[in-house]
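Coordinate-derived values only; no laboratory data. Note that the coordinates shown come from a computational prediction; the quantities given were computed from them, not determined experimentally. Every residue, glycine as well, gets a Cβ built from its backbone with ideal geometry; the counts of neighbours run over all protein chains shown.
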Amino acid sequence: MPPWEALSKVFTPDDTIVAVATPPGRGGLGVVRLSGPGASTIAGALLDRSEPLRPRHATLARIVDQTAVVSIAVDQVVATSFPRPGSYTGDDVVEICAHGSPVLLSRIVTLARAAGARLAEPGEFTLRAYLNGRLDLVQAEAVADLVEAVTPLQARVAFDQLEGTVTVRIRELDRQLFDLIARLEASLDFPAEGYHFVEAGEVVVVVGAIRGQVEALLDGAARGRLIREGCQVVILGKPNVGKSTLFNQLLGVVRAIVTPVAGTTRDLVTEVTDLDGLAVTLVDSAGIRPARDPVEEEGVWRARQALGVASAAVVVLDRTGPLAPEDWAVLEETAPVRRVVAVNKMDEPASWALESLGLAAGAAIVEVSARTGEGFEGLRETLRDVLTDGESLTDTPPVANSRHIGLLERVAEALGAAEEAAATGAAEEFVLADLQRGRSALDELTGKRTPDDVLQHIFEQFCIGK
């Protein structure tokens with residue numbers, strides 16, 4: 001069944017859809033996008049011009065509300081027509097660039113709906129691009145990643161995917177698998193004639209080579225997923241050791257309240273920062289100690305919950321006073337997770353030596369001054385190395401999406417089974433079944449054959465207008 005049939009209950013291809021394509025809020029400009037067979041007709045009903053829009057040429061015009069008793073000019077806009085099939089969606093598209101007032105943009109959408117357009121569902125423009133063959137599913141997902149990118153490195157990984165870096169390699173894998181499957185099927189189709197279009201030894205070699213290419217795609221996948229999805233780092237320590245000041249220094253802005261009063265932070269305070277390309281959600285937490293009231297108890301519980309889902313922890317210690325039982329408790333609690341121990345107040349006299357912590361050689365310990373900012377370059381570098389296992393982020397991995405990684409792992413497993421079957425002299429039918437299983441996973445990756453619920457889930461993650 002074509003994907004469009006499965007999704008027709010939600011998305012109807014014969015409709016002309018409309019939505020604001022720029023982010024919510026005020027701005028200098030805003031774009032309203034129309035897509036579908038009636039895009040040009042509906043745009044013509046909104047614009048104060050009798051001639052049709054010239055394809056791929058920006059045209060200055062006015063939006064006119066003709067639903068009123070007397071026509072009212074709404075805004076001065078620039079309209080551009082993109083005829084099918086060379087548009088973003090593969091349908092006729094008109095983009096109206098207006099002034100970026102939410103009131104104006106909403107009114108233009110309302111007028112377009114009155115003229116026959118339907119409000120687009122989330123991701124429907126990109127879904128149409130996928131269904132019309134303008135993008136495969138990997139590239140469609142890259143559009144969402146590019147929109148959501150919060151670091152230059154995330155944007156670069158998403159753009160490479162949109163440009164087809166992964167798609168080209170997947171298509172080549174599919175071509176090689178198709179060729180091998182066709183030769184095996186031909187051997188099975190003519191058993192009486194004794195034809196062998198491919199020998200078992202060649203199957204082992206070819207499948208091994210294809211599997212090697214899949215594993216090359218998966219190389220660095222964990223790093224790619226870390227870049228794409230980001231990570232969470234929770235800052236822990238007893239009260240009043242400088243956690244909030246350290247949090248603000250890592251962000252480069254004052255986000256958390258800082259006072260001399262122990263226990264100022266009760267709830268979790270979160271903010272995203274760019275750590276050399278990684279989108280890191282920093283979490284400032286309540287000081288961990290025996291709670292003195294129900295509010296503090298809730299704050300300590302939330303801090304521990306944050307630790308449970310964090311990629312790493314920064315444990316803050318105050319070197320100007322003796323190590324307290326609360327310090328040792330935090331060190332013990334964070335021992336099983338990735339962590340950096342930030343020894344604060346290096347600009348003041350120390351009352352204990354780093355060696356007294358008794359941590360293993362090579363433990364990530366950094367001296368800092370949250371007040372002056374001294375040592376924070378080293379803290380950022382150490383934290384990055386802990387999160388990436390010391391791997392460089394210079395070379396972006398080809399695969400970063402969890403769905404893609406899972407499907408490629410399925411391909412590698414199926415090819416491994418086929419290789420083993422061929423090497424042990426199993427019947428060609430068994431080898432063929434494993435190869436077809438691997439090719440099916442490739443088809444699901446690019447969207448040739450993808451379950452309906454997966455497609456719907458992917459496109460529901462998009463914002464309206466994309």
Exercise for the section: Using only the alpha carbons, work out the radius of gyration and Dmax of the stretch 3-133 in angstrom. Expected result: 14.2, 45
Practice task
Choose one of 373, 230, 387: the residue whose Cα lies farthest towards the positive end of the charge dipole of the stretch 227-388 (beta-carbon charges +1 Lys, Arg; -1 Asp, Glu; about the Cα centre).
Solution key: 230
Completion exercise
Taking the alpha-carbon centre of each part, the distance from the stretch 436-466 to the stretch 378-428 in Å is 20 Å
Handout entry: Test item: Cα-centred dipole of the stretch 3-133, Lys/Arg +1 and Asp/Glu -1 on Cβ, debye
Key = 220 debye
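Filter the DSSP H helices in the chain by two things, a Kyte-Doolittle mean of at least -0.5 and an axial alpha-carbon span of 20 angstrom or more, and list the hits by number. Intermediate values should be presented prior to the final figure.
Values: long enough: 165-189 (36 Å, 0.06); 200-218 (27 Å, 1.39); 294-309 (23 Å, -0.39); 402-423 (31 Å, 0.22); 428-446 (27 Å, -0.32).
Span-like helices here: 165-189, 200-218, 294-309, 402-423, 428-446.
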Handout entry: Cβ-derived FRET efficiency at R0 25 Å, residue 118 paired with residue 73, nearest 0.05
Key = 0.50
Completion exercise
Descending packing, highest mean Cβ count within 10 Å first, for 425-432, 41-48 is 41-48, 425-432
Practice task
Mind jotting down the distance between the C-alpha centroids of the stretch 299-327 and the stretch 147-192, whole Å?
Solution key: 45 Å
Handout entry: Largest-first ellipsoid semi-axes for the chain, taking √(5λ) over the Cα gyration tensor eigenvalues, angstrom
Key = 48, 40, 16
Problem - Convex hull (Cα only) mean projected area of the stretch 227-388, reported in nm² to one decimal - result: 8.7 nm²
Practice task
Kindly provide the helix-only [θ] at 222 nm of the chain, computed as the sum of -39,500 (n - 2.57) over DSSP H runs of four or more divided by all residues, to the nearest 500 deg cm²/dmol?
Solution key: -14000 deg cm²/dmol
Exercise for the section: List the equivalent ellipsoid semi-axes of the stretch 85-240 in whole Å, largest first, each obtained as the square root of 5λ for an eigenvalue λ of the Cα gyration tensor. Expected result: 44, 29, 11
